[in-house]
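Working notes, beginning with the structure itself.
The values are calculated or read from the model by the stated rules, or taken from the named source; none is laboratory data. Every value quoted in this text rests on a predicted model; they were computed, and no experiment measured them. Cβ coordinates were reconstructed from backbone atoms using ideal geometry, including for glycine residues, and neighbour counts include every protein chain displayed. Calculation scope for accessible area: heavy atoms of the full protein, side chains included, ligands and nucleic acids excluded. Shrake-Rupley method; radii C 1.70, N 1.55, O 1.52, S 1.80 Å.
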Amino acid sequence: MAQIFRREKTWWITYYDGGKRVRKSLKTQSKRVAERERIAIENRMLEPHRQAPESKNPEVDTFWTQYLTWAADHLRPATISIQTHFWNQMTGYLKPARLGDVTRQGIEDFKRWRREKGNSEQTVNNALKDFQAIYQKAITWGAFTGKNPCIGVERYKLTRTMPEFHTEEELNALRRAAVNHGIEWVVLLGGWAGFRKNESANTRWEWFDFDPDRPTIRIKAFEGFTIKDSEERVIPMSRQIYDALSPICRTNGYVFESNKPSAGRARYRYDPKNALFSALKDAGLTTKNPFQRLR
């Protein structure tokens, strides 16, 4: 059943255990010791009551607490927020007590349910991707010995569409309307510098270099704010932004004061969503995908 062989001066052993080949060093140069170890291994393999590996199927709440502890050190807060949202949706719908209670069919049912509720195909695909990664993490840790229920669940095939954006005339109209809602700078940074919503919410004066010959914006991470893809971005500053912000520039601090409720759970420290919607309506523009279209 088991065979020993010598590699240089050290004895090794090879054998099959449960159909899986095992090859390891016996860490001895004595053939006699190697033979004794071979016999001991064969005797253990022949024992009629060899115990199978312990199966593990933790409670959903227990595992999720463990996962969030890990995520706090390895994932961006925005990613944790999105994954938590999807996880709560799935567990609220399927109501599993333990990880193993979620089956492939259950994930398929969840997938259809979210589409019926109006989630886009891309959003559902994102949820499936996160579920598969979360379950794989449980398996990798050895916390869960079952199968990943997301394996084999087909994702929606997406049709790529042309990005939607405002024309220069529309941007200028939106900027004029934004003045009355106190978000002219938000429109400037989004429309003329391509700022994402979270970047606008955390814009700091330290990012701006108002060198009259070469004005630039350098988006940098800081404590409490991470950049998507973790890459700093340097953007040439447009004349519109330079003329609007250079007269009032400061050396440091946030450009926008926080409007986050002190006791709320708002995701953004500054959220111009409602004001942007109002400005778009005043300018006679669509409110569909307002921040993506602005960029």
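Here are a few things to note about the model shown:
- Count of the range 164-190 residues which are open to solvent by 90 Å² or more (accessible area, probe 1.4 Å) and either more than 24 Å from Ile235 (Cβ to Cβ) or assigned to a loop (DSSP other than H, G, I, E, B) (or both): 2
- Picking from residues in the range 191-206 that are in contact with a helix residue (DSSP H, G or I) (Cβ under 7 Å, 6 or more places away or on another chain) and part of a loop (DSSP other than H, G, I, E, B), the one that is surrounded by the fewest Cβ atoms within 10 Å (Cβ to Cβ) is Arg196.
- The residues of the range 269-279 that are surrounded by fewer than 17 Cβ atoms within 10 Å (Cβ to Cβ), under 25 Å from the mean Cα position of the chain (by Cα) and either hydrophobic (A, V, I, L, M, F, W, C) or modelled with pLDDT under 80 (or both) amount to a single one, Arg269.
- Residue count for the range 1-43, restricted to those that are aliphatic (A, V, I, L, M), open to solvent by less than 100 Å² (accessible area, probe 1.4 Å) and either touching a helix residue (DSSP H, G or I) at 6+ places or on another chain (Cβ under 7 Å) or at pLDDT below 80 (or both): 4.
- Residue-level check: of (1) at pLDDT below 85; (2) surrounded by 10 or more Cβ atoms within 10 Å (Cβ to Cβ); (3) over 47 Å from the mean Cα position of the chain (by Cα), Leu46 misses just (2).
- Helices (runs of 4 or more DSSP H) fully within the range 52-146 counting 3 or more residues that are over 22 Å from the mean Cα position of the chain (by Cα) and surrounded by fewer than 16 Cβ atoms within 10 Å (Cβ to Cβ): 104-116
- Selection of first residues in the range 87-112 that are under 22 Å from Lys157 (Cα atoms) and of a type in the set (Phe, Trp, Tyr) and of second residues that are part of a helix (DSSP H, G or I) and open to solvent by 40 Å² or more (accessible area, probe 1.4 Å), restricted to Cβ pairs under 6 Å at least 6 apart or on distinct chains, gives the following pairs, ordered by first then second residue: Phe110/Tyr93.
- For Lys197, the conditions (1) basic (Lys, Arg); (2) under 27 Å from Pro77 (Cβ atoms); (3) at pLDDT 90 or above all hold with the exception of (3).
- Which listed residue, of Trp64, Trp113, Trp87, is in contact with a Ser or Thr (Cβ under 9 Å, 6 or more places away or on another chain) and at pLDDT 95 or above: Trp64
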